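Below is one structure, written out as structure tokens, with a few remarks after it.
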């Protein structure tokens, strides 16, 4: 197609839009904009869920890497030696041994079973941000005995309607609770603080010092895991190999591997919903554009017939409608980008609250580019078919409107 032909097609497209029904044009653009928002929004929420999970996993649950006992063993022994080996590796900025066990919590007759975690508070602050998430009270100190931190969901509220799960019914800092460890030892511990991280896996636990654990279990230099913090996120697989090569004989897992069951199930469910939503949105776009262009060509059959009669190439007519469609799609995409930006800004200030914590939408270039291409393609296809059909009608039939 020559430049002159393209100029004529563009002129016809602009004149058609100018002389057409403005309400129909604006409504079509609005629908295309909303379709674009729908194509972009759910992927941004999925990305937000992933980012939220990764952030919580690193900051509160696992650090970047987790050292676990070898196969067929329950504990890591010689923890100080393991810690020293890990600390010699560059980019490792902290390690925190932990001892996790089952426990039963009892407060004023309310009994809840859960996990209790022992750690060295000084080492823990080098790896996680638990110490920054105190709802009330104080964080544990190295020498603390007979003290415990409780997660907010475990501590609960006096008004049980505010609790998401069963809780102890409103424990506060300064209260004392009875803890029965899984070896049968019972200890009355003073609640030094309440943690509220927003992570379900953390806020259902109790936390004590390793000093307390050593006394209860009669152990030392023993852990069920060692958390490792790297100076840079995203290097987990690389440093997992480096740790293995440095002589760490225990099992090494990244934070993604530790939590992949939960997050993968959630993401798969979201992706199924997103696929259905995308398909429905694109079908709506196809139907809307097809109907608009079909009605437009039907109403202008006589005009199209006259254009052909005076020598206008039918390809120019087809291209004029394709240009109209592209203009509508472009306006719709621009409107969709503006609406999406506004929605993302609003949800950044007022995030969606999921069971795993607050989720902020994360808009990535990939889904946006795919949405632009998809909307442009379906618009071209749905605009081409009715314009091609009408442009190929016999001239006299088109002029007569038959």
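The values are calculated or read from the model by the stated rules, or taken from the named source; none is laboratory data. The structure presented is a predicted model; accordingly, all values stated were derived computationally and were not measured. Virtual Cβ from ideal backbone geometry, glycine too; neighbours counted across all protein chains shown.
General observations
- Of the numbered criteria (1) buried (at least 21 other Cβ atoms within 10 Å of the Cβ); (2) over 36 Å from the mean Cα position of the chain (by Cα); (3) within 19 Å of residue 136 (Cβ to Cβ), the one residue 212 fails is (3).
- The helices (runs of 4 or more DSSP H) located wholly in segment 176-278 that include 2 or more residues which are farther than 22 Å from residue 70 by Cβ and in contact with a strand residue (DSSP E or B) (Cβ under 7 Å, 6 or more places away or on another chain) occupy 200-203, 210-217.
Quick grid of which residues meet (1) in the same structural domain as residue 191 (by TED's automatic domain parsing); (2) at pLDDT 90 or above; (3) touching a strand residue (DSSP E or B) at 6+ places or on another chain (Cβ under 7 Å); (4) under 15 Å from residue 207 (Cα atoms):
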position: 135; (1), (2), (3), (4): yes, yes, yes, yes
position: 143; (1), (2), (3), (4): yes, no, no, yes
position: 149; (1), (2), (3), (4): yes, yes, yes, yes
position: 158; (1), (2), (3), (4): yes, no, no, no
position: 166; (1), (2), (3), (4): yes, no, yes, no
position: 172; (1), (2), (3), (4): yes, yes, yes, yes
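- Selected residue [at pLDDT 80 or above and not in a helix (DSSP H, G or I)] from 378, 283, 363, 287: 363
- Single residue of 372, 344, 353, 368 found to be more than 18 Å from residue 293 (Cβ to Cβ) and not in a helix (DSSP H, G or I): 353
- Test for residue 140: is it closer than 14 Å to residue 113 by Cα and outside any strand (DSSP E or B): no
- Exactly one residue out of 29, 66, 49 is closer than 19 Å to residue 333 by Cβ, in contact with a helix residue (DSSP H, G or I) (Cβ under 7 Å, 6 or more places away or on another chain) and either surrounded by 20 or more Cβ atoms within 10 Å (Cβ to Cβ) or not assigned by TED's automatic domain parsing to the domain that holds residue 220 (or both), and it is 29.
- Of the residues making up segment 65-104, just one is part of a helix (DSSP H, G or I) and within 17 Å of residue 237 (Cα to Cα), namely 86.
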